Amino acid sequence: MSNEVKVIFANDPIVSENAAIKQFVANQKAGHSSLLIGETHYIVVKECKEKDMTLEKVRATAGNIARDVSAQKAETAIVEAEVLADAYTKLDKGSVLTAFAEGWELGAYQFVTYKSDVTAFQTKLHVVGDEAKPFVEAGKIRAAATAFSRDLMNELSNVLNPETFPEVLKNNFEGTGVEVNVFDKEKLKEMKMNGVLTVARGSIYKPSFVELVYKGDASKPLVALVGKGVTFDTGGISLKSGKDLSDMRMDMGGAAAVSGALTLLAKSNAKVNVVALIPIVENMPDNTSVLPGEVITYKNGLTVQVGNTDAEGRLILADALIRAGEWKADYIVDIATLTGAIVNALGTEIGGVFGDEELSAQMKKIGDQNGDFIWPMPLVDAYEKSLDSDYADMNNISSLGGAGSITAGLFLRRFVPKESKWLHVDMAGMMSKNSASGYYAKSATGYGARLLADFTTYVSN
């Protein structure tokens with residue numbers, strides 16, 4: 001028996017014309033069953049009800065199957081393009097093929113670098129049909145970019161830190177159309193990136209700032225993607241308490257998202273004009289750390305009193321937003337694991353987007369299609385005064401008891417250049433999953449890579 005599996009659906013005659021097999025498949029709780037008929041190993045997928053027929057369902061189904069057959073060490077899985085198209089008749093055929101390939105690759109994702117007895121294994125997907133190839137390839141490119149974001153987020157903070165992160169990005173973009181510019185601590189002093197320099201003071205690692213420049217079409221409007229790169233967040237002197245803090249290595253999820261987005265755009269040869277701006281620091285308590293009460297003077301003249309050193313993300317994003325203004329970006333999207341408040345508001349299945357209302361609505365539509373779900377949130381002007389400081393132009397924390405994600409957005413808005421259209425994405429709830437399901441592993445999600453890449457493509461058309 002060859003070590004391959006055939007993926008079919010419940011309407012296949014092999015199932016529908018055999019009462020016992022049909023009953024067996026129908027009785028399974030999972031969306032697919034593993035069957036051995038004669039010498040052939042089949043995966044039988046239950047019929048998808050029309051109301052559930054979405055691209056996300058396609059991705060999730062593929063992910064669940066890929067994880068299952070990869071665990072069984074099947075070498076190859078074969079599915080016919082026509083069979084896939086017939087199973088999801090309500091959806092565009094090319095989009096189904098791309099979604100299935102994307103979900104397959106991501107469903108089998110593993111981060112096993114530090115497991116001595118595990119070697120990553122993935123069943124190879126083979127989609128039969130001449131016309132399928134470009135769509136399947138597109139899905140694989142999307143998955144690889146998202147997997148790169150996941151790898152960055154999953155990596156240990158002593159391995160991926162402000163000094164090594166730029167090198168990882170240089171290696172990733174070698175041979176692509178992306179130019180990688182790295183600014184070290186001395187350069188940051190010259191550039192007056194005082195938020196980055198202040199937050200980084202307590203760390204043994206020197207801060208850095210990376211610019212990823214991709215000119216797929218320089219005539220298009222310039223899109224600046226800004227990603228928060230805190231490689232570990234202890235909270236600084238305002239130390240986090242209580243729970244397991246190991247996932248604070250994922251506080252660079254925004255940086256991972258923009259890095260993945262640039263990977264996807266470059267590998268797809270997208271006709272866009274984009275720059276990613278990534279401030280990279282570690283937030284540590286030490287005798288050199290910034291203390292609550294200190295005031296930072298930014299390059300644009302604004303002064304910020306540090307009310308809480310654990311609200312550090314907005315302090316480094318402020319520098320990057322000023323930098324986006326120096327680039328004269330037409331559109332700016334910043335993304336960050338910024339506030340616990342967004343998790344309280346939206347939970348762990350959807351991110352929040354603030355800023356330009358028309359663009360927010362459009363981003364929601366894009367997320368509904370590509371699986372990086374997002375919900376438009378308000379910026380309430382009445383809360384502005386809660387950022388007042390007695391000693392500076394503003395405080396980095398609000399005096400309100402609630403609305404923490406909104407006031408964080410209001411803080412950032414003060415650093416956005418007036419001539420740019422701006423969105424702020426708070427992805428704190430989307431950082432990781434607690435269990436494997438669909439095309440997600442029990443680890444980092446890679447959220448934002450697809451969202452930002454597809455948004456950039458949208459505003460460039």
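The values are calculated or read from the model by the stated rules, or taken from the named source; none is laboratory data. All values derive from a computational prediction rather than experimental measurement. Backbone-built Cβ (ideal geometry, glycine too); neighbour counts: all protein chains shown. In case anyone asks, the SASA skips ligands and DNA or RNA and just uses the protein heavy atoms, side chains included. Shrake-Rupley method; radii C 1.70, N 1.55, O 1.52, S 1.80 Å.
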Seminar exercise, completed: Residue hits (segment 142-165; over 15 Å from the mean Cα position of the chain (by Cα) and touching a residue at least 24 places away in the same chain (Cβ under 8 Å)) are LEU156, SER157, LEU160, ASN161, PRO162, GLU163, PHE165
Problem set entry | Filter result (of a type in the set (Lys, Arg) and open to solvent by 80 Å² or more (accessible area, probe 1.4 Å)) within segment 65-121 | LYS73, LYS90, LYS115
For this session: Give the residues of segment 122-143 that are open to solvent by 60 Å² or more (accessible area, probe 1.4 Å) and of a type outside the set (Lys, Arg), sorted by residue number.
Result: GLN122, HIS126, VAL128, ASP130, GLU131, PRO134, PHE135, GLU137
For this session: Taking the options ASP372, ASP381, ASP388, name whichever one is in contact with a strand residue (DSSP E or B) (Cβ under 8 Å, 6 or more places away or on another chain) and over 25 Å from MET430 (Cα atoms).
Result: ASP388
For this session: Would you mind telling me which numbered condition in (1) within 23 Å of THR231 (Cβ to Cβ); (2) over 24 Å from the mean Cα position of the chain (by Cα); (3) of a type in the set (A, V, I, L, M) MET431 fails?
Result: (2)
For this session: Restrict the check to segment 353-369 and report whether at least one residue is open to solvent by 60 Å² or more (accessible area, probe 1.4 Å), out of contact with any Ser or Thr (no Cβ under 9 Å at 6 or more places or on another chain) and of a type in the set (Gly, Ala, Ser).
Result: no
Problem set entry | Number of the exception - VAL118 against (1) in a loop (DSSP other than H, G, I, E, B); (2) under 27 Å from ARG450 (Cα atoms) | (2)
Seminar exercise, completed: Picked from segment 144-178 (must be outside any helix (DSSP H, G or I), closer than 18 Å to VAL258 by Cα and of a type in the set (S, T, N, Q)), the residue least open to solvent (accessible area, probe 1.4 Å) is ASN161
For this session: Test GLU190 against the stated conditions and say whether it is under 30 Å from THR309 (Cα atoms), of a type outside the set (Val, Ile, Thr) and surrounded by fewer than 20 Cβ atoms within 10 Å (Cβ to Cβ).
Result: yes
Exercise. Hey, does segment 313-328 have a residue that's closer than 23 Å to LYS421 by Cα, in contact with a helix residue (DSSP H, G or I) (Cβ under 7 Å, 6 or more places away or on another chain) and outside any helix (DSSP H, G or I)?
Worked result: no
For this session: Residue by residue through segment 235-253, note down the ones that are outside any helix (DSSP H, G or I) and buried (at least 24 other Cβ atoms within 10 Å of the Cβ).
Result: GLY236, ASP251, MET252
Problem set entry | Top-ranked residue in segment 283-303 [being in a strand (DSSP E or B) and in contact with a helix residue (DSSP H, G or I) (Cβ under 7 Å, 6 or more places away or on another chain); ranked as nearest to GLY227 (Cα to Cα)] | ASN283
Exercise. If we only count helices (runs of 4 or more DSSP H) wholly inside segment 1-92, which ones have 2 or more residues that are touching a strand residue (DSSP E or B) at 6+ places or on another chain (Cβ under 6 Å) and of a type outside the set (Val, Ile, Thr)?
Worked result: 81-87
Exercise. Taking interchain pairs and intrachain pairs at least six residues apart, which have beta carbon atoms under 6 angstrom, with the first residue in segment 201-219 and without any contact (Cβ under 8 Å) to a residue 12 or more places away in the chain and on the phi > 0 side of the Ramachandran plot and the second in a loop (DSSP other than H, G, I, E, B) and open to solvent by 10 Å² or more (accessible area, probe 1.4 Å)?
Worked result: none
Problem set entry | Residues (open to solvent by 20 Å² or more (accessible area, probe 1.4 Å), among the β-branched types (Val, Ile, Thr) and over 17 Å from LEU412 (Cβ atoms)) located in segment 254-313 | THR288, VAL295, THR297
Exercise. Out of segment 15-49, which residues are among the hydrophobic types (A, V, I, L, M, F, W, C) and over 40 Å from the mean Cα position of the chain (by Cα)?
Worked result: ALA19, ALA20, ILE21, ILE37
Problem set entry | Selected residue [under 25 Å from ASP251 (Cβ atoms), buried (at least 21 other Cβ atoms within 10 Å of the Cβ), β-branched (Val, Ile, Thr) and out of contact with any strand residue (DSSP E or B) (no Cβ under 7 Å at 6 or more places or on another chain)] from ILE342, ILE322, ILE335 | ILE322
Problem set entry | Hits in segment 379-404 (condition: open to solvent by 70 Å² or more (accessible area, probe 1.4 Å) and closer than 20 Å to ASN344 by Cα) | TYR383, SER399, LEU400, GLY401
Exercise. Considering segment 409-422 alone, what residues qualify as being in contact with a strand residue (DSSP E or B) (Cβ under 6 Å, 6 or more places away or on another chain) and crowded, with 23+ Cβ neighbours inside 10 Å?
Worked result: GLY409, LEU412, TRP422
For this session: Could you please let me know if ALA436 is buried (at least 19 other Cβ atoms within 10 Å of the Cβ) and out of contact with any strand residue (DSSP E or B) (no Cβ under 7 Å at 6 or more places or on another chain)?
Result: no
